[in-house]
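Input: one structure, supplied below.
Coordinate-derived values only; no laboratory data. A quick note: this is a predicted structure, and the numbers were derived from the prediction, not measured. Note that each Cβ is placed from the backbone with ideal geometry, even for glycine, and that neighbours are counted across all protein chains shown.
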Ligand code: PMP
């Protein structure tokens, strides 16, 4: 049941007035009388300059390792901070949204995504167990509990007080030693400065680092036994009005962190003013994300979102092995490649070992665009030709030269079409294209368009320099190439003297599951392969891999220098990513979880008339939505709606395809079967919504 006082506070808040007006009088009285209060722990502890321990969602004290949910590790970390500051006391802030409360015990079910109670309503004083705790002013024992069941603050005592004018309020002392509460009785008078308990050990308080949780309460809401110590961020104003800042009792200025200050709206306003407007933001209501851990991204209030679409943070956000490798090298040396260094050669060898012969030479660059630019230059230098054949709907990068070979851009808004040195071939999509299915006949038929493109180039008296194709089509709408497509197309291109470039910027590094490189699923060996996104797990590192023959032709006297490409930090990061993929068996995970996800997504066809096609391989999947199964009219508005709704359920996915009607799934490849099930369960709920029934 909801307490009437709480309901009133919520209604007042909704009307834009002070939710709990009497708190104001209590705070004013406390401020006036501050000098007369007794210290709640040994005055000497408070007198030193105790450090604030940052437990906010984006605290730099925590990485993405298991520490967040490992109380012993958290305790060590907190006490190390105190030791470094030379203090026996550490302060945990009031009104701080904390990453440690993103555990199940703090999860509140709602109609949409669960909300985690992350906002700390007390002030923590971390110190050794056994330290005595004193009443800050006189009052009576209102209640106490000496069991450890309450996750929010374990063994607790609540004292009742009154201001001079008789306004009642309470002080709560949590995480005490259970036995220290023996002998207390409700109603018992307590003097200012009287010992009321001692600080409990970690074992007594649910594993938390030993500390006093001090909280002020102006209305107990008839739930004194389990009064919350942390609150839902959506109810932050109401709860912080009910529980004022206990800093006033200690004479400590622990100004609440400024998480409330720069909300999404304000950031949007600054972006609009100072960042180019051609930079877009996802979702109708943008998200502010301050932390990534494994498969999840967290908002500034610690609300988790399962990342279903970031194929850059391939082995999981902020993977500790990758972070450590980058940090270690960053602290030692980062410079360009004109000095000898082990990292670049070790990485080159490790990376190239994953490629079939004769792909044995690599060039390191910093982005997928740089990789594709370099690939084009190599192809042109090697062949002495200029014309490029590209696939309709493709995206290969952000430079002018790459926009020219990216129909996704040059045929889209603001585009001016393909220049005359570009030949665009029909997208080999077995669902929407002219040849149906993903079997070999379809693959051979689509490769025929490449042959005709070569013929068009030859009519002008020229020859093709290169054919560039993603090994699975991304911006094209998560399209799986039909069998035999690359084999046949490569045959045509090579017969005309051109080179074949596989763009693996999206799909490489084990994502396909069955193979490390997605081109391998087509049974081909390209002449040039471009790599990017997943390669550095978010660190900007990319590469071009090619044959000695092409690399030698490119060595025509003009040096290729790239200031950042192949630097020792990038190579350390790249090596760590390969290590993690291999040691954690992530390619196999992509295969198994991808197959399961594809199977579950396929069942959506029976549940919604919007689902036209479900396709992909490994953890690179797409669901194409149509309003008519005969005309294949795209359901783009519905796809955008579904993405936004999925966000409300706590899942991040996006849309793609030239018609913007394909739901795109390409999560970090640590994605688990449980993640896949949770995501499809949420999709089922969204597809069942009234507005999507036609
Ligand atoms: N190729 C493909 C297939 C891509 O998807 C992208 C990026 N979306 C690029 C190249 C360009 O990579 P970057 O953004 O790192 O320059």
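Compute the FRET efficiency between residue 85 and residue 331 as 1/(1 + (r/R0)^6), taking r as their Cβ-Cβ distance and R0 = 22 Å, and round to the nearest 0.05.
For R0 = 22 Å, the calculated efficiency reads 0.50.
Jot down the per residue volume, in cubic angstrom and as a whole number, of the convex hull over the alpha-carbon atoms of the range 306-463. Mind showing how you got there, number by number?
Working: hull volume 32.0 nm³, N = 158.
Once divided by residue count, the hull of the range 306-463 is 203 Å³.
Return the percentage of antiparallel bridges among DSSP beta bridges fully within the range 430-577, rounded to the nearest 5 %. Provide the component values of the computation, followed by the final result.
Values: 5 of 14 bridges.
Bridges in the range 430-577 that DSSP calls antiparallel: roughly 35 percent.
Here's something else I'd like to know. Write down the Kirkwood hydrodynamic radius of the range 608-694, to one decimal in angstroms, obtained as one divided by the mean of 1/r over all alpha carbon pairs.
Details: mean 1/r = 0.0759 Å⁻¹.
One over the average 1/r among Cα pairs gives 13.2 Å for the range 608-694.
Still on this structure, I have one more. Can you compute the helix-only [θ] at 222 nm over the chain? Use -39500 (n - 2.57) per DSSP H run of at least 4 residues, normalise by all residues, nearest 500 deg cm²/dmol. Present the calculation step by step, with values, prior to reporting the outcome.
Details: 20 runs with 215 residues, N = 694.
Value at 222 nm, helices only: -9500 deg cm²/dmol.
What would the Debye formula give as log10 I(q)/I(0) at q = 0.15 Å⁻¹ for the alpha-carbon point model of the range 247-319, no solvent?
So the normalised log intensities are -0.69.
At what distance in nm do the modelled label points of residue 109 and residue 10 sit from each other, each positioned 7 Å from its Cα along Cα→Cβ?
The two pseudo-label positions are separated by 1.7 nm.
Computed over the Cα atoms of the range 546-607, what is the ratio Rg over Rh, Rh following Kirkwood?
Working: Rg = 20.5 Å, Rh = 16.0 Å.
Using only Cα positions, Rg/Rh for the range 546-607 is 1.28.
Another one. Report, to the nearest 10°, how far helix 440-459 tilts away from the longest principal axis of the Cα atoms in the chain, using its own Cα long axis and a range of 0 to 90°.
Helix 440-459 sits roughly 60 degrees off the main axis of the chain.
Also, I was wondering about something else. Note the direction-averaged projected area, equal to a quarter of the hull surface, for the Cα convex hull of the range 490-581, in nm². Present the calculation step by step, with values, prior to reporting the outcome.
Values: hull surface 28.4 nm².
That works out to 7.1 nm².
What's the long-distance tail for the chain, i.e. % of Cα pairs beyond 45 Å? Kindly include the intermediate steps, with their values, before the conclusion.
Working: 83518 of 240471 pairs.
Of all Cα-Cα pairs in the chain, 35 percent lie more than 45 Å apart.
For the range 321-406, compute Rh as the Kirkwood radius over C-alpha pairs and then the Stokes-Einstein diffusion coefficient at 37 °C and 0.692 mPa s; write the answer in µm²/s, rounded to an integer.
On the way: Rh = 15.8 Å.
Answer from the Stokes-Einstein relation: 208 µm²/s.
Next up: Determine the shape class of the range 381-443: with a ≥ b ≥ c the square roots of the Cα gyration tensor eigenvalues, call it rounded for a/c under 1.5, and otherwise prolate if a/b is greater than b/c, oblate otherwise. All intermediate terms of the calculation are to be shown ahead of the outcome.
Numbers: a/c = 2.74, a/b = 1.48, b/c = 1.85.
The shape class here is oblate.
Using every alpha carbon pair in the range 434-566, what percent of pairs falls into each 5 Å bin from 0 up to the bin containing the largest distance?
2, 10, 16, 20, 19, 15, 10, 5, 2, 0
Could you list the residues of the range 320-360 with an amide nitrogen less than 18 Å from a label point located 7 Å from the Cα of residue 561 in the Cα-to-C-beta direction?
It comes to 334-341, nothing else.
Could I get the Rg over Rh figure for the range 537-694? Both from C-alpha atoms, Rh via Kirkwood, rounded to two places.
Using Cα coordinates only, the ratio equals 1.12.
Determine by what factor the alpha-carbon radius of gyration of the range 564-638 differs from 2.2 N^0.38 Å, reporting the quotient. Walk me through the intermediate numbers first.
Values: Rg = 18.7 Å, N = 75, 2.2 N^0.38 = 11.3 Å.
With N residues counted in the range 564-638, Rg over 2.2 N^0.38 Å equals 1.65.
Then there's this: What is the Cα centroid distance between the range 107-129 and the range 361-382, reported in whole angstrom?
Spelled out, the Cα-based centre of one part sits 49 Å from the other.
Take residue 35 and residue 73, extend 7 Å from each Cα along the Cα→Cβ direction, and tell me the distance between the two endpoints in nm.
The modelled label-to-label distance comes out at 4.9 nm.
Using 1/(1 + (r/R0)^6) with R0 = 51 angstrom and r between the beta carbons of residue 677 and residue 346, what's the FRET efficiency to the nearest 0.05?
Values: r = 39 Å, r/R0 = 0.77.
It comes to 0.85.
Per the Kirkwood treatment, what hydrodynamic radius in Å, one decimal, follows for the range 165-304 from the mean inverse distance over all distinct Cα pairs? Please report the intermediate quantities before stating the final value.
Working: mean 1/r = 0.0525 Å⁻¹.
Computed over Cα pairs of the range 165-304, the Kirkwood hydrodynamic radius comes out at 19.1 Å.
Let me ask something else about it. Evaluate the relative contact order of the chain (contact order divided by residue number), counting alpha-carbon pairs under 8 angstrom at least 6 apart; express in whole percent.
Numbers: 1518 pairs, mean separation 86.2, N = 694.
Relative contact order here is 12 percent.
Find, to one decimal place in angstroms, the Kirkwood hydrodynamic radius of the range 35-136, where the mean of 1/r is taken over every pair of different Cα atoms and then inverted.
Details: mean 1/r = 0.0659 Å⁻¹.
Taking the inverse mean of 1/r over all distinct Cα pairs, the range 35-136 comes out at 15.2 Å.
Same structure, new question: Between residue 42 and residue 194, take the C-beta separation as r, use R0 = 22 Å, and let me know the FRET efficiency to the nearest 0.05.
Values: r = 14 Å, r/R0 = 0.65.
With R0 = 22 Å, the Cβ-Cβ based efficiency is 0.95.
Another question, if that's okay. Can you give the log10 of the normalised intensity I(q)/I(0) at q = 0.17, 0.18 Å⁻¹, computed with Debye over equal Cα scatterers of the range 395-510?
-0.87, -0.98
In µm²/s, what is D for the range 455-512 at 37 °C and 0.692 mPa s, where D = kT/(6 pi eta Rh) by Stokes-Einstein and Rh is the Kirkwood radius from Cα pairs?
Details: Rh = 12.6 Å.
For these conditions, the coefficient is 260 µm²/s.
Modelling each spin label as a point 7 Å along the Cα-to-Cβ direction, I'd like the residue 54/residue 648 distance in nm, to one decimal.
The two pseudo-label positions are separated by 3.5 nm.
Right, next: Order the peptides 267-277, 351-361, 662-672 from the highest to the lowest mean number of other Cβ atoms within 10 Å of their residues. Provide the component values of the computation, followed by the final result.
Working: 267-277: 10.0, 351-361: 15.5, 662-672: 26.7.
Peptide ranking by packing, descending: 662-672, 351-361, 267-277.
In whole percent, what relative contact order does the range 295-367 give with Cα contacts below 8 Å and a gap of six or more residues?
Values: 23 pairs, mean separation 11.3, N = 73.
Answer for the range 295-367 is 15 percent.
If you don't mind, another one. Sort out for me the Cα centre separation of the range 440-474 from the range 477-555, rounded to whole Å.
Comparing the Cα centres of the range 440-474 and the range 477-555, I get a distance of 15 Å.
Fewest Cβ neighbours within 10 Å first, please rank 504, 222, 373 accordingly. List each step's numbers first, then the result.
Values: 504 29, 222 12, 373 21.
In order of increasing Cβ crowding within 10 Å: 222, 373, 504.
Still on this structure, I have one more. What are the radius of gyration and Dmax of the range 8-81, computed over its Cα atoms and given in Å?
19.1, 45
Let me ask another. Name the residues of the range 437-471 whose amide N is less than 13 Å from a point 7 angstrom out from the Cα of residue 605 along the C-beta direction?
What the label zone holds, given the 13 Å backbone N cut-off, is 437-438.
Oh, and also: Quick one: check the C-alpha center-to-center distance for the range 631-694 versus the range 391-433, whole angstrom.
The distance from the Cα centre of the range 631-694 to that of the range 391-433 comes to 25 Å.
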